[in-house]
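> Got a structure here, written out as structure tokens. Questions coming.
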């Protein structure tokens, strides 16, 4: 422990001697040490505050300052663009949510319409099945073959057979051809 204290005491004596030597560097050091404890600002000469670049470095410094200004402007533009993109992203998210909601509503409406159409077709098919075969055959003879085949394909086989028997052979043949070819293009695997 005493081995560390003696060099510190010697350094303090040396510093004290230097301070007493005169007004030169020792005085500056003393003023610097006094300034450390004060809150008062250290006065500096205007020459100490200004620094000019050597002539050979001045163009490089100007180029660096110009580059810094350009980078700052570019950074500001990128920040502005990022903010714009964030706003656009929020708007897209909002529109996508509205689109998903509209799609779901449309899907529900289409399902309801399809269910209603299916219900209507089932009801009309039941009406044609309950008619007398001769009366139904007269109606089916006036229908387009594709349209008539759609109803006959939905009927019970007995009712469809009775109606087909009441049709003229060329009309019955065209309806039979449509019925036979309805699933011809369906995949088989």
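> Restricting the calculation to Cα positions, tell me the Rg (one decimal) and the Dmax (whole number) of region 57-115 in Å.
Rg and Dmax of region 57-115, Cα atoms, are 24.9, 84 Å.
> Using the number of other C-beta atoms within 10 angstrom as an exposure proxy, rank 68, 125 with the fewest first.
Working: 68 10, 125 19.
Sorted ascending by nearby Cβ count, the order is 68, 125.
> Give the relative contact order (percent, whole number) for region 131-181; include only Cα pairs under 8 Å separated by 6+ residues.
50
> For 151, 13, what ranking results if the residue with the fewest other Cβ atoms within 10 Å of its Cβ goes first?
Placing the least packed residue first, the sequence is 13, 151.
> On to the next question. Set the Förster distance to 35 Å, then compute FRET efficiency between residue 66 and residue 88 from the Cβ-Cβ distance, nearest 0.05.
0.60
> Just want to confirm a number: the relative contact order over region 65-188, from Cα pairs under 8 angstrom separated by 6+ residues, in percent.
Reported as a whole number, the value is 20 percent.
> Tell me, 155, 96 in order of fewest to most beta-carbon neighbours within 10 Å?
96, 155
Computed from the coordinates by the stated procedures, all read-outs in this text should not be read as laboratory data. Source: prediction; values computed, not measured. As a convention, Cβ positions derive from the backbone with ideal geometry for all residues, glycine included, and neighbour counts pool all protein chains shown.
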